Each structure stands twice: as C-alpha cells, then as structure tokens.
Amino acid sequence: MTGSSDIKFVQVLHADRFDSGAPNMENLKIKNDAELEDALKRLDELWDCHPSVERERLVDNIETYEDEHFHIDPPTPEELSDFRMENLKSNLQRNNE
C-alpha cells in the first residue's frame with residue numbers, strides 16, 4: 001500500500017476516536033483486498049471496546065465490500081433440507097456412541 005488514498009485510509013482507520021462529524025468515515029469505501037485487511041485488523045482492535053461510530057462504520061464498510069466481492073447466495077430449499085438432514089443424522093450418530 002503506497003498510494004496516497006491508501007495512506008489516507010490507514011490514517012483514518014488508526015485515529016483514536018471518531019465523532020459523528022469525523023471526516024471521511026461516512027464516505028469511506030474499501031476499494032481492494034489490502035484495504036479490507038486493514039479494516040479487519042482495525043475492527044479486531046476495536047472489537048472489545050465500547051461501541052463507537054468508528055466501529056459501526058467499519059462494520060458497514062466491510063459488509064458492503066464483502067457483499068460486492070464475496071457474495072454468497074442463500075441456499076435453495078432443497079440444499080437447506082439436505083443440510084438439516086445431514087445435521088440430524090450426525091447428531092443421532094454422536095448420541096448413539
């Protein structure tokens with residue numbers, strides 16, 4: 001990450017606190033996998049802290065990027081039924097051991 005937009009992104013992510021008027025956080029959009037990794041690392045740092053605007057916006061931005069780039073369709077009713085049946089069989093086998 002050497003581009004000026006990447007540096008700005010890291011600076012925004014590593015600021016101590018963000019209030020509702022924080023610059024660039026609302027419109028911040030994750031543009032690539034490297035920025036996603038930075039966002040995930042920062043979110044990990046914030047995870048056990050008190051809820052904050054920064055954390056909520058990071059979650060929103062991460063979710064948006066992942067939905068666009070790693071979209072997973074919901075299962076079909078048949079796939080869901082098959083999964084449930086396999087799960088039930090597995091539980092029965094464990095209970096019978």
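The values are calculated or read from the model by the stated rules, or taken from the named source; none is laboratory data. Quick caveat, the model's predicted, so the values are computed rather than measured. Positions of Cβ are generated from backbone atoms using ideal geometry, with glycine treated the same way; all protein chains shown enter the neighbour counts.
For the reader, a short list of remarks on this structure follows.
- The residue that is nearest to the chain's Cα centre (by Cα), among those in segment 67-97 that are in a helix (DSSP H, G or I), loosely packed, with under 10 Cβ neighbours inside 10 Å and at pLDDT 95 or above, is Pro77.
- Matching residues, segment 41-66, being touching a helix residue (DSSP H, G or I) at 6+ places or on another chain (Cβ under 9 Å), in a helix (DSSP H, G or I) and among the hydroxyl-bearing types (Ser, Thr, Tyr): Tyr65
- Filter pass, Leu92 being hydrophobic (A, V, I, L, M, F, W, C) and closer than 16 Å to Asp44 by Cα: no
- Condition met for Arg42 (in contact with a His (Cβ under 8 Å, 6 or more places away or on another chain) and surrounded by 10 or more Cβ atoms within 10 Å (Cβ to Cβ)): yes
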